[in-house]
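The values are calculated or read from the model by the stated rules, or taken from the named source; none is laboratory data. Here the structure is a predicted model, which is why all the values come from computation and not from measurement. FYI the Cβ positions are ideal-geometry reconstructions off the backbone, even for glycines, and counts take in every protein chain you see. We work out accessible area using only protein heavy atoms, side chains counted, and drop any ligands, DNA or RNA first. Shrake-Rupley method; radii C 1.70, N 1.55, O 1.52, S 1.80 Å.
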Amino acid sequence: MGSERVEMRKRQMQVHQEAAASVLQARHSMGNTPTNASNACCFCWCCCCSCSCLTVRNEDETIQRTTIERRTEGTPNCEDSLKPTLEDARSWPMSFERVMKSAAGRSCFRQFLRTEFSEENMMFWLACEDLKKETNKTVVEEKVRQIYEDFISILSPKEVSLDSHVREVINRNMLEPTSHTFEEAQQQIYTLMQRDSYPRYMNSSAYTDLLKSLEDPPSEP
């Protein structure tokens with residue numbers, strides 16, 4: 001099993017190296033080649049090559065990974081942060097859209113996703129929503145880079161599940177980052193949560209227990 005994982009990782013690395021090479025070639029043709037183009041992984045956000053600067057890159061990623069994990073561990077659940085009203089919570093089975101439009105709904109659903117080890121889907125969706133509100137080009141480029149490293153890179157512990165077509169779209173969009181760079185990816189993750197996790201949440205004890213707590217609030221001493 002261990003050798004199979006190693007071989008799979010090697011194949012993944014090869015795919016990303018080829019993607020990085022295509023980005024470099026596209027930038028050459030567009031006349032947008034960075035000054036350090038001789039070292040692809042130093043400028044290409046989607047490259048996972050193993051050049052001499054990978055040691056520093058890995059150290060940075062370890063720090064980022066630790067930061068993400070600490071931030072996730074500190075995420076409050078819906079019971080001690082945004083608590084919904086009974087009317088709000090009762091409306092969630094009507095549609096996934098009602099859950100996602102409610103701040104309390106997103107909070108409670110995110111807590112459920114954490115129990116299924118898929119909280120990164122909500123984190124990615126929220127990051128994309130935040131990106132779409134940004135208008136400053138420099139900030140947009142930095143947020144795009146951060147989202148890629150946090151949720152798209154195969155080296156990230158929070159990598160979301162995207163098909164090859166969407167990944168190709170992202171790689172093309174990374175040539176000219178905008179606030180809509182991940183729009184197609186965001187929609188795919190939204191659909192994944194809607195079809196997969198949302199029905200389970202509606203049938204879970206987490207949701208029924210929430211309703212009971214709202215219907216019968218604890219009496220004050």
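Brief remarks on what is shown
- Protein heavy-atom surface of the range 69-214, 1.4 angstrom probe: 48% of the accessible area is carbon and sulfur, with nucleic acids and ligands not counted.
- Annotation for L86 and S161: the two label points, set 7 Å from Cα along the Cα-Cβ direction, are 3.7 nm apart.
- Mean accessible surface per residue for the range 107-221, computed with a 1.4 Å probe while every protein chain stays in place, in Å²: 52 Å²
- FRET efficiency for V139 and R200, using Cβ-Cβ distance with R0 set to 30 Å, rounded to 0.05: 0.25
- Phi to ³J(HN,Hα) by Karplus 6.51 cos²θ - 1.76 cosθ + 1.60 over the range 192-207, Hz, x for Gly, Pro: 4, 5, 5, 7, 9, 7, 4, x, 5, 5, 5, 9, 8, 5, 4, 6
- What the phi angles of the range 155-162 give under the Karplus curve with 6.51, -1.76 and 1.60, with θ = phi - 60°, is a coupling list of 7, 8, x, 10, 4, 8, 8, 10 Hz, glycine and proline written as x.
- For the range 145-209: relative contact order, % (alpha-carbon pairs under 8 angstrom, 6 or more apart): 20 percent
- Flagged links, alpha-carbon separation over 24 Å, of K132/K158; K83/K212; K158/K212; K101/K132; K83/K132: K158/K212; K83/K132
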